[in-house]
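The values are calculated or read from the model by the stated rules, or taken from the named source; none is laboratory data. Since the model is a prediction, treat every value here as computed from it, not as a measurement. With ideal geometry, Cβ positions are generated from the backbone for all residues, glycine too; neighbour counts draw on all protein chains shown. For accessibility, only protein heavy atoms count, side chains too; no ligands or nucleic acids. Shrake-Rupley method; radii C 1.70, N 1.55, O 1.52, S 1.80 Å.
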Amino acid sequence: MILKNKNYILLTILFSCFLVSIHHATLDSSEVISKTAMVASQDEYATDTGISILKEGGNAIDAAVAVAYTMAVTHPRAGNIGGGGFMMIYHKQSDQVYALDFREKAPKKAYRDLFLNEDGSVDNEKARFSIFSAGVPGTVAGLEAAHQRFGSISRERLLNDAIYYAENGFIVDSDQKKVLTKKVEFLTKDNQFKKHFYNKKKNSFSPKNKIVQKNLAKTLKSIQQQGKKGFYEGKVAENFVSFFEENKGLITLDDLKSYEPVWRKPIQGKYKDQYNIVSMPPPSSGGIAIIELLNIIEALELENTKHNSVDYIHNIVEAMKYTYADRATHLGDQDFVSIPIEMLTSKEYAKSIANQISTKNITAIKAIKPDLFEDSESLETTHFSIIDKDGNIVSCTYTLNFAFGNGMIAGKTGVILNNEMDDFSAKPGSPNGFGLLGNEKNEIAPEKRMLSSMSPTIVFQNEKPFLITGSPGGSTIITSVLQIILNVIDYDMTIGQASSAARFHHQWFPDIIFMEKEHNPKNIEILKNKGFKIENRRLGITQSILVKDNSLFGKSDPRNISSSTKGY
Ligand code: DON
């Protein structure tokens, strides 16, 4: 009997090993299930803040504001008050979706050729890592506008946690430690970063290290007391601008004082009759691109195509190429240039593209539009999704652009500066830090907003909230969000499965399919043999909530260990 048992155990172990060897690695697909309310963010401190606000009776918008301020302290590589972003709000009472644009703007003194050398070439260092890389920040104005319009509890309460963590410190987890260690040379060039983020001796940290940001705490207190004015005017603004004057940068007091966020009309599209996709309009390219992609995919009729199979990837990659070529050609800040939104999001246009797509051949990228490309830089942005007990929703993505923006802290303000100016097209045909091309529609102009890929999205099923999602990842945000939507709607996956399924990305330029290592190696081989260039890459860090059967199903992307979804 004992022997039999032993054999049984041995067989089970052998069989499990066999299963592991034929099934490539998969990501964790467990999910958080709650009844009442939920927060999914990239940082546990922030998620806890959000949950406390909701439990105290605050609504999703209150929680979003508090989460964003907290992350400006505890997730400093992307959380910010020195950057910008977009917030989609579903307001239950009015049954309306609102799109809030708090994207950075070019300073008034900026001009088209700001990043060009005398010989006409692009100075990427200047565009990405200099004082000129920073756009006029929009985050504080955006958060204050959201709170003023929809908030229900005091601003004072919403900033308390952020101020506490800035004054008393937060503990660096292994993920933060990894990023800070990787960036040590870059960040210690800046005195404030060196002083606040690293140990004096070795520019390193022990796991127990706390990061304390006293200057940032003072700035946050000023916002707590005076709202928008506490950042864009008075002492904080003067200190902020002094830093630009000392470093011969362009941002002035007038730039700060005149910054205003904009409430915009969301981009909407139908997918397969039942679903209404609502996402961010320009200056984000996200909403238009996601609708264009879904329309093409609908016209391709992939219903019977296996998820992540060779045919599936081939078809969708072709759709991605056309969509990103349109992004480069047509998109920019809608306050400055005209954008054919109706055409790009129409079913007819999508059909005309779908008609050109076949798995028998690979569309040459030059056949779509003319070219140029160069390698991309390191990435960071962050997204959070929130739903409250009454059904109000926030889907928000905000950023400094690269991790820690341009690597500078604006003197005494403690504010980390963005390097968003690199999202403009410095010159037609010259790619930005994400390898994205653009033309005069996205060229630099005073007070213009740079084109973005950030795509905070809310999906409705038969008019009822269904899915809240978004992601960091620069140019790959659009395709990560797309795949969450497709996985849930077309493949009936749980939000856990949808978030952990392997992703792929093509952005027209470069002519490469970026694929995650969890894809079936056989499929990768077949795609290579067909003539696709393939590179391995991690794609996206989604934060999603699915509303189904009167329950909330939440999933923070398993690709990032700091992420945290909680509900009650
Ligand atoms: O707005 C954009 O599209 C970029 N600035 C976002 C940067 C980003 O997502 C970096 N992240 N991983």
Legend entry - P(r) histogram, all alpha-carbon pairs of the chain included - 20 Å bins from 0, percent: 22, 56, 20, 2, 0
Inset, instruction - Which order do the peptides 78-90, 159-171, 267-279, 519-531 take when ranked by the mean count of other beta-carbon atoms within 10 Å per residue, highest first? - result: 78-90, 159-171, 267-279, 519-531
Inset, instruction - Identify the trypsin sites (Lys or Arg not before Pro) of segment 288-349 meeting these criteria: DSSP loop state and at most 12 other C-beta atoms within 10 Å of the C-beta. - result: K306
Legend entry - Using θ = phi - 60° and Karplus 6.51 cos²θ - 1.76 cosθ + 1.60, couplings along segment 184-196 (whole Hz; Gly, Pro as x): 4, 5, 5, 7, 6, 5, 9, 4, 5, 4, 4, 5, 8
Inset, instruction - Could you please state how large a percent of the accessible area of segment 346-479 is carbon and sulfur, counting protein chains only and using a 1.4 Å probe? - result: 50
Legend entry - Beta bridge orientation in the chain: antiparallel %, DSSP, nearest 5: 95
Inset, instruction - Using only the alpha carbon atoms of segment 275-375, find the Kirkwood hydrodynamic radius as the inverse mean reciprocal pair distance, in angstroms to one decimal. - result: 14.4
Legend entry - Calculated SAXS-style log₁₀ I(q)/I(0) at q = 0.16, 0.27 Å⁻¹ - segment 447-489, Debye, Cα scatterers: -0.47, -0.93
Inset, instruction - State the volume of the convex hull built on the alpha-carbon positions of segment 67-165, expressed per residue in Å³ and rounded to an integer. - result: 130
Legend entry - q = 0.17, 0.20, 0.21, 0.22 Å⁻¹: log10 I(q)/I(0) that the Debye formula gives for segment 301-435, counting C-alpha atoms only: -1.21, -1.28, -1.29, -1.30
Legend entry - Per residue, in Å², the accessible surface of segment 264-341 once ligands and nucleic acids are set aside, probe 1.4 Å: 30
Inset, instruction - Enumerate the whole-percent occupancy of each 5 Å bin, from 0 to the last occupied one, for all C-alpha pair distances of segment 397-496. - result: 2, 11, 17, 17, 16, 12, 11, 9, 4, 1, 0
Legend entry - Proximal lysine pairs, segment 467-568, alpha carbons under 21 Å, eight or more residues apart or interchain: 8
Inset, instruction - Filter the DSSP H helices in the chain by two things, a Kyte-Doolittle mean of at least -0.5 and an axial alpha-carbon span of 27 angstrom or more, and list the hits by number. - result: 2-22, 310-330
Inset, instruction - Give a residue-ordered list of calculated ³J(HN,Hα) values for segment 503-508 (Karplus: 6.51 cos²θ - 1.76 cosθ + 1.60, θ = phi - 60°; whole Hz; x for Gly, Pro). - result: 10, 9, 8, 9, 10, 6
Inset, instruction - Could you please tell me the mean projected area of the C-alpha convex hull for segment 483-564, averaged over all directions and given in square nanometres to one decimal? - result: 6.3
Inset, instruction - Divide by every residue of the chain the summed helix terms, -39500 (n - 2.57) for each DSSP H run of at least 4, and state the resulting mean residue ellipticity at 222 nm, rounded to the nearest 500 deg cm²/dmol. - result: -11500 deg cm²/dmol
Legend entry - As computed over segment 111-178, the Cα convex hull volume per residue (Å³): 166
Inset, instruction - Return one quarter of the surface area of the convex hull spanned by the alpha-carbon atoms of segment 111-225, equal to its mean projected area, in nm². - result: 10.4
Inset, instruction - Read phi for every residue in segment 415-420 and hand back ³J(HN,Hα) as whole Hz from Karplus 6.51 cos²θ - 1.76 cosθ + 1.60, θ = phi - 60°, with x for Gly and Pro. - result: 8, 6, 8, 6, 10, 6
Inset, instruction - Starting from the eigenvalues of the Cα gyration tensor, five times each then square-rooted, give me the equivalent ellipsoid semi-axes of segment 428-562, largest first, whole Å. - result: 28, 23, 12
Legend entry - For segment 246-317, average projected area of the Cα convex hull in nm²: 8.5
